[in-house]
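Report on the structure given below.
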Amino acid sequence: MVKVTVDGIDVDVPPGSNVLQACEAAGKEVPRFCYHERLSVAGNCRMCLVEIEKAPPKPFASCAYPVNEGMVVHTDTPMVKKARAGVMEFLLINHPLDCPICDQGGECDLQDQAVGYGRDGSRYTEAKRAVKDKDLGPLVKTVMTRCIQCTRCIRFSAEIAGTPELGATARGESMEVGTYVQMALTSELSGNLIDICPVGALTSKPYAFVARPWELKKTDSVDVLDAVGTNIRVDARGPEVLRILPRLNEDVNEEWLADKSRFSVDGLKRRRLDSVWVKRDGKLVKSGWEDAFEAIDARLKGVAGERIGAIAGDLCDAESMLALKDLMSALGSANTDCRQDGAALDGTRREFYTFNTSIAGIEAADAILLVGCNPRREAPLINARVLKRWRTGGLKVASVGPVADLTYPVEAIGEGPAVLAGLLDGSHPFASVLKAAKHPMVIVGQGALRRADGAAVLASAWKLAETVGALGAEWHGFNVLHTAAARVGGLDLGFLPGAGGKNVAAMMGGGVDVLWLLGTDEIDTTKIGADTFVIYQGHHGDAGAARADVILPGAAYTEKNGTYVNTEGRVQRGQLAIYPPGEAREDWKILRAFSGWLGKPLPYDSIEALRDRLETVNPVFARLDILPRFGCADVAGPAGGEMSPVAFEPAVANYYQTDVISRASPTMAECTATYVAPLKAAAE
């Protein structure tokens, strides 16, 4: 450690730190625009000036100056204050000063620091320069006259997102930041440019002129539009969610948020189910809760338990899945399944279906094999973590499956399961790379598991991880990458076919007489038997609701308190930000009320009691926000079988529309038209 004195405060900082980091360690605020702790140092805004003893008598840019043993730094001397005020005066020469009509108002670093460190007036009277706005696509709005050329956006695009599409052209007063050619940003993380821009040059296009930050009620929650478990903040005004922003969690999402999770917020208020519907004479009509419960009760009379089934969807919270499972048990049914896509996930041991290395653990890997997955489309933040690891050097990545641009070099070694056999017997060259690695990782995606031979692929991937030394006491290199936020929680609860129970495929085609769909919209509803009575419980009028005989309006993830388990097995909780619309209710309350109507009441009347039941079913639910790192104590793998030679197919065809919320979002529809439709047209 290096000892540095900042304004009389002694601090120890790691070697290689810069003076600005030493000032932060001492608790001293240093203004900055270009510096960001997750980006490379640019040193071009010159706002972070400090004075250093025994150095030339001038202010130094603290972000670009390394610390030395015994260094003495001053952050508030007259010279420093005068220099910062001068820099601010220069920055404001060309800034339009349009704070009243700027979407960044109230959250603007330039606004705050101009007040805190600037002058009360300007000596410049020349005309300000104007810069033409750039069209960066449907998500990021530009007002480039406000740009102070800090280059944060350029560095983020290249270093974090891995899509170096932004850059600076020309020099001096003519310098402009934008894409080199007129094009829309292609990154799935482009919304983070809004967060890191210190001025109003880059703001949210869908959120433009909607609200001011002081009007919003802010609620901490968890994202459910993929399986990463990103920590988010839900900003609402009255009964409407207006925007979603990321929260800091170093172990999961750092401080980033994927575009679908950020911008599909407008889908929360469209195509909503806010009334109870019951089918009468072949037509759905609005009804009341009692009518719906009576219709379900009447249909259940005389139906044996083995003819009743339930399927949980991808956005369900653990509380509602447990309530539905308990209800099915009360009805004598073992026909429950949370794998609506038919993925061959083995629920006998937790390490067979989780991302065991952990998301943060990716940074220790030195060889990664991707099997039937595309992290950039399925989990952009995990893909960004792999890129972060690759940028430090020494990482080799290979992929089995469709060739894709993952923003870092990937060796495509095949498209189907046949490659796994070559890796297992050591005949494939990449097998030696995995064996030579100290921390190898195998990541299996849903594109490899939702096939008829999915169980065989899972078993082969586990065997490969064992063969190359990825399963040890200190390192667990076998990982399953999920795409559904509810999947791991459902597996933890045992929401799987019981003894003699039927899976999703067996429940189709008349396999059951009564089918309860809990937010289930990703199945082919045309395969449901024509005589099957369907109860759909959910929050959007999508595929499941269209096939239903009874519709029970539920709550979206922003409208209830719920527990979710991400792909790495981390238990987290989302909080209610607004109340459900109309007659909609929290899902577990609907199930509890119906069980009482049947005369078989579930043994909990509050969410606290239900969560106690969660912990009883699986103690992992008591481990909130804690993810211990376990090695592999038992290398015995899941049951397998014969693998098909057919190539893997992508699990996510369209990143922007994967669930009922994003399919209801006009912004996501515009993204689909901008990014996905042209690719489909070109392929055809």
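The values are calculated or read from the model by the stated rules, or taken from the named source; none is laboratory data. Note that the coordinates shown come from a computational prediction; the quantities given were computed from them, not determined experimentally. Backbone-built Cβ (ideal geometry, glycine too); neighbour counts: all protein chains shown. Quick note on the areas: whole protein, heavy atoms, side chains included, nothing else; ligands and nucleic acids left out. Shrake-Rupley method; radii C 1.70, N 1.55, O 1.52, S 1.80 Å.
Find the relative contact order for the range 238-281 and round it to a whole percent, using C-alpha pairs within less than 8 Å whose residues are 6+ positions apart.
Values: 25 pairs, mean separation 15.9, N = 44.
Taking the mean separation of contacting Cα pairs over the length of the range 238-281, I get 36 percent.
In this structure, the amide hydrogen of F355, modeled 1.01 Å from its nitrogen in the peptide plane, lies closer than 5 angstrom to those of V480, E568, G569, counting only residues at least 5 positions away or on a different chain. Sorted largest first by accessible area at a 1.4 angstrom probe radius, with every protein chain in place, the residues D346, D109 fall in the order D109, D346.
What is the diffusion coefficient of the range 481-601 in µm²/s, taking the Kirkwood radius over Cα pairs and the Stokes-Einstein relation at 4 °C with a viscosity of 1.567 mPa s? Present the calculation step by step, with values, prior to reporting the outcome.
Numbers: Rh = 15.8 Å.
The estimated diffusion coefficient comes to 82 µm²/s.
Charge tally around Y675: other residues with Cβ under 12 Å, Lys/Arg +1 each, Asp/Glu -1 each, net 0. Stokes-Einstein D for the chain at 4 °C, 1.567 mPa s, Kirkwood Rh over Cα pairs, in µm²/s? Answer from the Stokes-Einstein relation: 47 µm²/s.
Annotation: extensible slack from E306 through K279 equals 7.3 nm (criterion: 0.36 nm per residue apart, minus Cα-Cα distance). One equal scatterer on each Cα of the range 180-247, no solvent, Debye formula: the resulting log10 I(q)/I(0) at q = 0.16, 0.17, 0.18, 0.21 Å⁻¹ is -0.67, -0.75, -0.83, -1.07. Across every direction, the projection of the convex hull enclosing the Cα atoms of the range 215-325 has a mean area of 10.1 nm².
Can you order the peptides 190-200, 72-82 by their average number of other Cβ atoms within 10 Å per residue, highest first? Provide the component values of the computation, followed by the final result.
Values: 190-200: 23.7, 72-82: 15.9.
The most tightly packed comes first, giving 190-200, 72-82.
Report, in degrees rounded to the nearest 10, the 0 to 90 angle that the Cα long axis of helix 318-330 makes with the longest principal axis of the chain. So the helix axis and the longest Cα principal axis differ by about 10 degrees. Counting only Cα atoms, the size of the range 390-458 along its three principal axes is 39, 27, 18 Å, in decreasing order.
Between M79 and T5, what is the FRET efficiency for a Förster distance of 22 Å, r being their Cβ-Cβ separation, to the nearest 0.05? Kindly include the intermediate steps, with their values, before the conclusion.
On the way: r = 18 Å, r/R0 = 0.81.
Calculated value: 0.80.
Each residue of the range 557-573 was assigned a 3J(HN,Hα) from its phi angle through the Karplus expression (A = 6.51, B = -1.76, C = 1.60, θ = phi - 60°), giving 5, 7, 10, 7, 8, x, 9, 10, 10, 7, 4, 8, x, 7, 8, 9, 10 Hz with x at Gly and Pro.
Placing +1 on the Cβ of every Lys and Arg and -1 on the Cβ of every Asp and Glu, with no other charges, gives the chain a dipole of roughly 940 debye about its Cα centre.
A cut-off of 5 Å between modelled amide H atoms, ignoring neighbours fewer than 5 places along the same chain, links K396 with A367, I368.
Its alpha carbons give the range 412-530 an Rg and a Dmax of 18.1, 56 Å.
Over the range 219-364, what is the relative contact order in whole percent, taking alpha-carbon pairs under 8 Å and six or more residues apart?
On the way: 163 pairs, mean separation 20.5, N = 146.
It comes to 14 percent, rounded to a whole number.
The calculated pair-distance distribution of the range 545-684 uses every alpha carbon pair, bins of 5 angstrom beginning at 0, and gives 2, 7, 9, 12, 14, 14, 13, 13, 10, 5, 1, 0 percent.
In the structure shown, the pairs K269/K325; K3/K28; K141/K218 are assessed against 19 Å; a Cα-Cα span above that value is assigned to K269/K325; K141/K218.
Can you give me the angle between helix 289-300 and the longest principal axis of the chain, using Cα atoms only, in degrees from 0 to 90, rounded to the nearest 10? With rounding to tens, the tilt is 50 degrees.
A convex hull fitted to the Cα coordinates of the range 126-169 yields 86 cubic angstrom per residue. Assuming R0 = 35 Å, what is the FRET efficiency of L624 and A506, from their Cβ-Cβ distance, to the nearest 0.05? That pair, L624 with A506, gives E of 0.50.
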